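Student: Have a look at the structure that comes next, please.
Readers should treat all values here as calculations from the given coordinates under stated rules, not as data from a laboratory. All of these numbers come straight from a predicted model, not from anything done at the bench. Cβ sites come from the backbone with ideal geometry, for glycine too, and all protein chains shown count toward neighbours.
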Amino acid sequence: ELAVWTGGIAYPRLDDPGVARVQGLGDVSLSLRQDWGAPQGWALGWGLRLTAPTGLGPYESPQPLASTGEGRWQASLRASAGGTWGAWQSFADAELNYQDGRNTVLSPAAPLRYDEQGPVFAPAGLSGAIYLDPRWGSRAALGVGWDWYHDDTARHSVVLSAIAWQRAPLSLAGQGIPDTEEVLLTLQPELQARFGAFEALVAWQASPLWA
């Protein structure tokens, strides 16, 4: 399967007058996916996604919370395994993400990330024209689902996933920035509906179990 898609506003602040309508376009991704398996029993798959920085990165956006993309070229490699037995299904997948380095102009007022204490800024002296070093990240998910309804053309499911997400500390011009590693562990219940070639998903992400 080959697909092209784009995201939207990553952290919306639509009531902010500094956010223009055209800033809603996010990064554009091209993905390739291959799966092997039968409708019942075990299945395996892999995927590759390339992402172009067509959205506004966190350093270019006039409002940091209105950034619509990562501002970098990205590549992600994903592997998955799972199975279906009657009305029950289970799955596990893991993804490795690489963000390419790039030159940028860093404002001393631009938050590098947010934690429970509020925004985290760059150390004094690290601002202006600077090089963002490459950055690695990873994601893993383990889940189980139950089909509460299915027939020849439709399938509706309740799914519960445990998701772990990690991103390496930010590094600027070879200098690592303290307290910028991002780690998240959470539970995500979902309602999934499939009608032939169409799918709908409603998900709720619980408060982080660990961050």
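Student: Say each of Glu116 and Gln34 gets a label point 7 Å from the Cα, pointing the same way as Cα to Cβ; how far apart are those two points in nm?
Tutor: It is 4.5 nm.
Student: Just grab the label-to-label distance for Leu48 and Leu126, each label 7 Å out from Cα along the Cβ direction, in nm (one decimal).
Tutor: In this crude spin-label approximation the distance works out to 3.3 nm.
Student: Here's a follow-up. Per residue of segment 88-101, what does 6.51 cos²θ - 1.76 cosθ + 1.60 with θ = phi - 60° give for ³J(HN,Hα)? Whole Hz please, x for Gly and Pro, Karplus curve as stated.
Tutor: The phi angles translate into 9, 9, 9, 7, 8, 8, 9, 9, 10, 10, 10, 10, 6, x Hz.
Student: Another one. Work out how much length Val144 to Arg194 would gain on full extension: take 0.36 nm times their residue separation and subtract the Cα-Cα distance, in nm to one decimal.
Tutor: Between Val144 and Arg194, full extension yields an extra 16.3 nm.
Student: State the antiparallel share, in %, of DSSP beta bridges confined to segment 30-172, rounding to the nearest 5.
Tutor: Given both bridge residues lie in segment 30-172, the antiparallel proportion sits at roughly 100 percent.
Student: Next up: Hey, with R₀ at 22 Å, roughly what FRET efficiency would Val105 and Asp179 work out to, going by the Cβ-Cβ distance, to 0.05?
Tutor: FRET efficiency, Val105 to Asp179: 0.45.
Student: Please work out how much length the chain gains when fully extended from Gln205 to Ala162, using 0.36 nm per residue of separation minus the C-alpha to C-alpha distance, in nm with one decimal.
Tutor: 14.5 nm
Student: Another one. Give me a comma-separated list of calculated 3J(HN,Hα) values for segment 122-127, in order, Karplus coefficients 6.51, -1.76, 1.60 applied at θ = phi - 60°, integers in Hz, x for any Gly or Pro.
Tutor: Karplus values, whole Hz, x for Gly and Pro: 5, x, 4, x, 9, 7.
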